[in-house]
Amino acid sequence: MPSRLRSGVGLLAAAAVAASLAGCGSDDSSTDAAGSDSTSGGSSTEGASDSGVSQVAITMANQGGADTCTLDHDSAQAGPVTFTVTNQSATGLTEVELLQDQKILGEKESLAPGLPSVEFTVTLGGGDYQIYCPGGDPELVPFTVTGAAATEPVGDTQQALQDGATDYATYVDDQVASMVRGAQGLQAAAESGDLPAAQNAYANARIYYERIESDVDGFVLDGFPPTDNHGNLDYLIDMRASNLDPDVGWHGFHAVERDLFGRQAITGSTKQLAAELTDNVTKLSTLAKTLTYKPEDLANGAAGLLEEVQANKISGEEEEFSHIDLVDFAGNVEGAQQSFAYLKPGLGQIDGTLTDTIEQRFDDVTAMLDTYRDPNELGGYQRYTPELKKSEANQLSQTVQALQDSLSRLAEKVATA
Amino acid sequence: MAAPDSGLSRRRLLGGAGAGVAVGAAAGFGVGRWTDGGTASAAPTGGLDAVDLNSSTDFYTGAHQSGIDTPQQRYCVFMTFDLTASTAQELQVLLARWSAAIAQCMAGEPVGSVAPDRAGAVAVDTGEALDLGPASLTVTVGLGPGVFDERLGLASRKPKLLADLPALPSDQLRPELSGGDLSVQACADDPQVAYHAVRDLARMGRGVVNTRWVVLGFGRASAGPGQSTPRNLMGFKDGTRNIKESADLDEFVWVEDDVDWMNGGGTYQVARKIRMDIEIWDADDVADQQRIFARFKEDGAPLTGNHEFDTPDFSATDDTGQPVIDPTSHDAHAAHEHNNGIRIFRRGYNFTDGINEVGQLDAGLMFVAYMNDPDHFIQLQTRLGRSDALNEYIAHIGSGIFAVPPAPKKGSYLAQGLF
């Protein structure tokens, strides 16, 4: 569809924007590749060697209505290969990847017409590769490397990711164990009838569940159908007033929270709820030990925790009575950051840029959260009062959204390993 | 209220009398002797501006960004953003990516795959405009004063006349509806197409820009070249005297001697979210409403004329010696005759935000205007804010000012010369 609109603007381009970047982008012609290498060979020659590094230019352009990715050389000798990517005029293309057997070996993102050329260098063994331009016509362009096959077996990345996922199970087990201790502490404080102590114990017990809830919120106790909340452990542990099932009633953390912070009282019912909570998180800890994780589970789990932040913490729904939403918020973020950290060694090999972006955005969120720390408050954070929500929710939400958007791309990358 | 005698000022009683006397020569005539206005009546005919959802505009063609002198579409989403970036390069990449995405959207194409093949992938394009057609979408991007503060090191590249608007008479601005470092005006004949563009640009911008305020406009409230004059929510034709000729656009809209990256087709954009107290307005009698606008409600003719495009005669008096056009009327204040010839190009839309806290309809005018000197707006609004009779029924609650760079050429991007 765009083709009929774009014909005939080439002459105008000569008038050019006054100060264009790095000499690229203002030329409409697809025959004058703007890549920085100086090779002039035809399309079936090998990439020119510069100090032992082969140079390949990838040019993105809109030609005859189609966005295309064109290589100036479709092969190179084994060894380091530098790909220089220039988007001349392909408005539908923003990304290029070097693939072998579906695995990403190198890539560049955020490409757009007019931006300076970017490059990435990878050391390649002999074999068949593909340049993948999502949205291009065609999307896949073959690329061949001649010479000895790679000495490094492919699969390192996958192993690194799986190692991370395996180790992550230890983290979950630790959190669950802490959660059981936290619930026991809450139960003991409730039994003692000491309201401030119970409130404090409540705040200290919350964070463990929040760190891992996306991993452990799917358990149904034996003998219950999945639709029956009597057997839904997440329901029994963490349900809020807004989503109660009348047949089951209110159980778990937030029922205790209502008593301790809303009613400001410990009754026999409170003690019973606290004891039941200990029982249920103990069941959960047993079940959680049976979990095994694939790398994409960590990616999806991290994204899920941030969804929790957006849906329930920033809205202030989670801790309706205690207003310790920022404690839960921090727990969700810490949990997501742990998932990411376990994936990072492998992910960095797949997509260093995305890895860096996610890391930076975690730093942004953490720095923002730090401004709300208050050691004198329950759980170590300011209470998320309606006033604080009014002034801060926008900033909190948008900072988390920036992280969530970049994290949402993690699962796809991990799956290519 | 000092409305002119409604019997005398009704146009229906005036038509035909004293035909042939030109408006310019009619000064001092009583209202009852008013005439056909003559040459100024070249109204575009046909109230039904056709809509073709397959129609499209090319992002890269022409010197000016589209969405300014482009025929006005039926719907518009106006959103501003705050920069969170700490480097100019982040803004640069964003403007380049936005440019490419805008070009895609304006051509009716998605900004990327709606359903990527790869396992676990999230969509690149959010998908809600798939197959809806281009719907004459235009997306116009502006840069606010904040782009040129100390954060990004771009202070030396600031457009000459770009500065926050001063406090103006009658301002009731709300911070959450004002300001912004970037503006995006996406207009289309299908509101979903316009919204999709803004949504996907916002998504692309996360981590670099935060959303600040947004207005969803409908029912264009200004007429561009060749368009019939639409009505604002007060029921009056709006934009009768708007700039329509390209010579006037050259004189009043496009900058000539600004910073290099603005020259060759740039302009300034002033946005004002104007609340209308429409229930109160609706309870005002029509004669008074006509006094306030100095126009007849049905056909838009000035109170001193017979046709919409007749030139108002601000010096005309009625039989009792009272001015036919109230000097405090909106038209009198806004007229270039009373503002040293200053004109701005308006491209506004009606909006509604639902129902306000006291149960009244929350609605108004999203005023967007383009000009080569923001001081022109400042002068006009200073005058209007002081004593416009319309102020009883409106309030300026949101405000923003932006420098709008020229259109990029194919292969380049918006404001490329800035970096």
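Each value in this text was obtained by applying a stated rule to the coordinates, not by laboratory testing. Model, not experiment: these values are computed from the prediction. No Cβ is skipped: glycine too gets one built from the backbone with ideal geometry, and neighbour counts run over all protein chains shown.
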(request) Round to the nearest 10 and give me the degree value, 0 to 90, for the angle of helix A:295-308's Cα axis relative to the longest principal axis of chain A. (result) 60
(request) Please list B:51-63, A:129-141 highest first by mean number of surrounding beta-carbon atoms within 10 Å per residue. (result) A:129-141, B:51-63
(message) Classify segment A:157-415 from the C-alpha gyration tensor, please: rounded if a/c falls under 1.5, else prolate or oblate depending on whether a/b exceeds b/c.
(response) oblate
(message) Spelling out what I want: for every residue of segment A:64-70, take phi, set θ = phi - 60°, compute 6.51 cos²θ - 1.76 cosθ + 1.60 (Karplus), and round to whole Hz; glycine and proline get x.
(response) x, x, 10, 7, 10, 10, 10
(request) Before anything else, pin down the relative contact order of segment A:86-238: Cα pairs under 8 Å, at least 6 apart, normalised by residue count, whole percent. (result) 13
(message) At a 10 angstrom cut-off on C-beta neighbours, averaged per residue, how do the peptides B:155-164, A:255-264, A:112-121 rank from highest to lowest?
(response) A:112-121, A:255-264, B:155-164
(request) Within 10 Å of each Cβ in peptide B:116-124, how many partner chain Cβ atoms are there on average? Round it to a whole number, please. (result) 6
(message) If you average the C-alpha positions of segment B:283-324 and of segment A:369-416 separately, how far apart do those two centres end up, in angstrom?
(response) 57
(message) Report the per residue volume, in Å³, of the convex hull enclosing the C-alpha atoms of segment B:297-419.
(response) 198
(request) Starting with the highest mean, order A:355-368, A:227-240, B:291-304 by the number of other Cβ atoms within 10 Å, averaged over the residues of each peptide. (result) B:291-304, A:227-240, A:355-368
(request) In whole Hz, with x marking every Gly and Pro, tabulate ³J(HN,Hα) for segment A:108-124 from phi via Karplus 6.51 cos²θ - 1.76 cosθ + 1.60, θ = phi - 60°. (result) 9, 10, 6, 8, 7, x, x, 6, x, 4, 10, 9, 9, 10, 9, 9, 10
(message) For segment A:163-195 and segment A:285-347, what is the centre-to-centre distance using only Cα atoms, to the nearest Å?
(response) 15
(message) Output the 0 to 90 degree angle, nearest 10, between the alpha-carbon long axis of helix A:268-288 and the longest principal axis computed from the alpha carbons of chain A.
(response) 40
(request) Rounded, prolate or oblate: pick one for segment A:149-260, where a ≥ b ≥ c are the square roots of the eigenvalues of its C-alpha gyration tensor, a/c under 1.5 means rounded, and failing that, prolate if a/b is larger than b/c, else oblate. (result) oblate
(request) Could you work out the mean count of beta carbons from other protein chains within 10 Å of each residue's beta carbon in A:393-399? (result) 3
(message) To test your reading of the geometry: what angle, between 0 and 90 degrees and rounded to tens, separates the Cα axis of helix A:195-216 from the longest principal axis of chain A?
(response) 40
(message) Here is the link list: B:Lys237/B:Lys409; A:Lys283/A:Lys413; B:Lys158/B:Lys273. Which ones come out longer than 28 Å on Cα distance?
(response) B:Lys237/B:Lys409; A:Lys283/A:Lys413
(request) Would you tell me the mean number of C-beta atoms belonging to other protein chains that fall within 10 Å of each C-beta in B:404-410, as a whole number? (result) 6
(request) Would you list which lysines come within 22 Å of B:Lys160, measuring only between C-alpha atoms, while excluding same-chain residues fewer than 8 positions from it? (result) none
(message) So if I place +1 on the C-beta of Lys and Arg and -1 on the C-beta of Asp and Glu, and nothing else carries charge, what would the dipole magnitude of the protein assembly as shown be about its Cα centre? I want it in debye, nearest 20.
(response) 1820
(request) In whole Hz, with x marking every Gly and Pro, tabulate ³J(HN,Hα) for segment A:237-246 from phi via Karplus 6.51 cos²θ - 1.76 cosθ + 1.60, θ = phi - 60°. (result) 9, 10, 6, 9, 4, 6, 10, 5, 9, x
(message) Out of all Cα-Cα pairs in the protein assembly as shown, roughly what percent, to the nearest whole number, are more than 46 Å apart?
(response) 39
(request) Would you give the gap between the C-alpha center of segment B:159-196 and the C-alpha center of segment B:54-111, rounded to a whole Å? (result) 15
